Amino acid sequence: MLGVFLALCSAATFALNNTFARRGVLTGSAVQALSISVPIGVPMFFLGALVTSSLGWLFEFSLRSCIFLALAGIVHFVWGRYCNYRSVKAIGSNLAGPLQESSVLIALALAVVVLGEAITPLKAVGIFLVLMGPALAVQIGKKKALEPSKETNPDNKPKPAFQPLYAEGYLFAGLSALGYGTSPILVRAALEEASPGASLAGGLISYGAASLVVLIVIIASGQIADVRKMSASNAKWFSAAGLMVGLSQMLRYLALSMAPVSVVAPIQRLSLLFRMLFSYIFNREHEVFSARLLAGTLVSLFGALLLSISTDVIASVLPLPEWLLRIAAMSWSLGR
C-alpha cells in the first residue's frame, strides 16, 4: 500500500512539473527547461539520500545496476523530458497527455516480457479503468481547444485562441511516451534486489548521468547562447518545474523499489488528471478543460484502487462465487 501511495504522490507532483513548465515554454525553449530541471535533481537526490542515510548504497550497487540506473536517467530525464517539453510547448499539457498515456502500455509489456511480472484479471480491469478515465476526461477538451478566448486584454481586444501545432506536438508526445514507458523497467531491474533506501542513491546515479548528457548535448549542439538568454521569469518557472519533477522522481524511485511496475506505472497515469486540475488553477487561459473531468477522475481512481488491492483481500471482504474466485486467481506471465 505504501508503494501505491508514493506512486500517487509522484503523479501529483509530476503534474505540477508539467503545469509550471507550460508557463515557461510559452516564451522559452525545451532546451532551457532541460538545462534547469535536470541538474536541479542532483542536489535534491543527494540531500534525500544523505537524510535517509542511503548514500552508502552508491558503493553497493553492482556495475550492472549502475548501468541500468544511468540508462534510466538518460532515457527518462533527457529523452522523455525533452520530448515532453516540446510537446507541451506545441499543443499544451492537456492535449499532450492522452497520447503520453501509451507509455503505460510500453511499461507493462516490458514488465511482463523482461521482468516476468504477472498480470491478474483484477489488475487488468484496474489498468483498463486507469486508462479509460483520462480518455473520458479529454474528449470534450479537444473540441474546446479551438474555441477563441472571450477574455480581453487592456486594449479591449480579444485574446487570440490557442492554436496547437498538432503534428509537432503529437510526434514528441509519442516519443516522450517511449522514454517514459521504458525507464521504469530499467529502474526496477536495477533496484529489485535492493532495499527501499537504495532508491534515492539510485536516483542520484540516474540524475547524475542525465545531467552530464544534458551538458554534453547543450555544448555539442551550440545551445549555450539559447540557455544564457533565458528570461528571469522563465528561469523561475523552470526552477519550480525542476523542483516538482525532482520530488516526483524521488517518490517514483521509492515506489518502484516497493511495488511492481505493473502497479506503479498505471497509477502514475493519474498525473493526466492532476495536470488538468493544476492547469485550471495556474494556466486556464493557455489550456483546455472538460466538464467530464470529474467522471474521468472517479473512473481512474477506482482503477487505481483495484491495482492497490490484492485478490486475497477482495475474496476476504466480498462473498464472491467460486467460479469468479477462480477467474480472479488467474495470472499471466511469460517468466524470465
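All of the numbers you see were taken from the coordinates with simple rules; none came from a lab. All values reported here derive from a predicted model rather than from experimental measurement. Note that we place each Cβ from the backbone using ideal geometry, even for glycine, and neighbour counts take in every protein chain shown.
Give me the distance in nm between label points sitting 7 Å out from Cα along the Cα-to-Cβ direction at residue 58 and residue 236, one decimal.
Between residue 58 and residue 236, the simple spin-label model gives 3.4 nm.
Cut-off is 10 Å between beta-carbons; in what order do 88, 263, 4 appear when sorted fewest neighbours first?
Placing the least packed residue first, the sequence is 4, 263, 88.
At a 10 Å Cβ-Cβ cut-off, how would you order 229, 236, 123, fewest neighbours first?
Fewest to most other Cβ atoms nearby, the residues stand as 229, 236, 123.
For residue 118 and residue 314, calculate 0.36 nm times their separation in residues minus their Cα-Cα distance, and state this gained length in nm to one decimal.
68.8 nm
When 286, 76 are ordered from fewest to most other Cβ atoms inside 10 Å of their Cβ, what list results?
286, 76
How many nm is it between the label spots at residue 302 and residue 322, if each spot is 7 Å from the Cα in line with the beta carbon?
About 3.0 nm, to one decimal.
At what distance in nm do the modelled label points of residue 215 and residue 285 sit from each other, each positioned 7 Å from its Cα along Cα→Cβ?
4.0
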